[in-house]
1. Which numbered condition in (1) surrounded by fewer than 13 Cβ atoms within 10 Å (Cβ to Cβ); (2) touching a residue at least 12 places away in the same chain (Cβ under 8 Å); (3) in contact with a strand residue (DSSP E or B) (Cβ under 6 Å, 6 or more places away or on another chain) is the only one that Ser56 fails?
2. State yes or no: is Thr49 among the β-branched types (Val, Ile, Thr), part of a strand (DSSP E or B) and in contact with a strand residue (DSSP E or B) (Cβ under 8 Å, 6 or more places away or on another chain)?
3. Can you tell me which residue is farthest from the chain's Cα centre (by Cα) among those in the stretch 129-146 that are among the small types (Gly, Ala, Ser) and either under 19 Å from Thr99 (Cβ atoms) or open to solvent by 40 Å² or more (accessible area, probe 1.4 Å) (or both)?
4. If only one of Val115, Val93, Val76 is of a type in the set (A, V, I, L, M) and either within 16 Å of the chain's Cα centre (by Cα) or open to solvent by 60 Å² or more (accessible area, probe 1.4 Å) (or both), which one is it?
5. Would you please name the residue that is nearest to Ser92 (Cα to Cα), looking only at residues in the stretch 157-170 that are open to solvent by less than 40 Å² (accessible area, probe 1.4 Å) and part of a helix (DSSP H, G or I)?
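The values are calculated or read from the model by the stated rules, or taken from the named source; none is laboratory data. Being a predicted model, the structure only gives us computed values, none of them experimental. All Cβ positions, glycine included, derive from the backbone under ideal geometry; neighbour counts span all protein chains shown. Quick note on the areas: whole protein, heavy atoms, side chains included, nothing else; ligands and nucleic acids left out. Shrake-Rupley method; radii C 1.70, N 1.55, O 1.52, S 1.80 Å.
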Amino acid sequence: MNIKRFAIAIASLAAGVLVGCKVTYSLSGASIPANAKTVSIPYFPNNATLVSPTLSATLTDELQTRFTNQTKLELVPENGDLAFEGEITNYSVQPVAVTSNDVAAENRLTITVKVKFTNRIDPTFDFNKSFSAFQQYPSSSDLSSVEGALIPELVSQLVDDIFNAAVANW
């Protein structure tokens, strides 16, 4: 076999391998199956003992926005190729830094979300787990005065964690 035929054979083999492989790339770092077309993310109810009135809507909207803006998936009401279900299970404040006078110097706001993720394309990526995020704030501040700033930060952390657990696969 001469060099020219050998080079053509190698090039043909390489082209065949590349055509047969299907890899999905995304600028967001997401690894989504090529045949996944839809995602369903229904409302996440707030079943925590302490309730912030806007938290459920904020979390649900942010998660939906992340998937519609950073993937090519279409948002559908139910039975998506990638499907989420969830609830807010904890919204609590606890003192974390205590002074020598046994007075809290800082408080910690914690939000926990339980998420069930179903990947109808590849069920090996399914999960059912909880995600938590927290932020500390001065105890001299009332929760109602800092919630407006803390909730978006915590929701952003939670959405990052949920998104990465579902589609980052690394």
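1. So the condition that Ser56 fails would be (1).
2. no
3. Out of the qualifying residues, it is Ser140.
4. When all the criteria are applied, what remains is Val115.
5. Per the stated criteria, the residue is Leu158.
Yes or no, residue by residue, for (1) under 20 Å from the mean Cα position of the chain (by Cα); (2) modelled with pLDDT of 95 or more:
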site: Ile3; (1), (2): no, no
site: Ala30; (1), (2): yes, no
site: Pro33; (1), (2): yes, no
site: Glu62; (1), (2): yes, yes
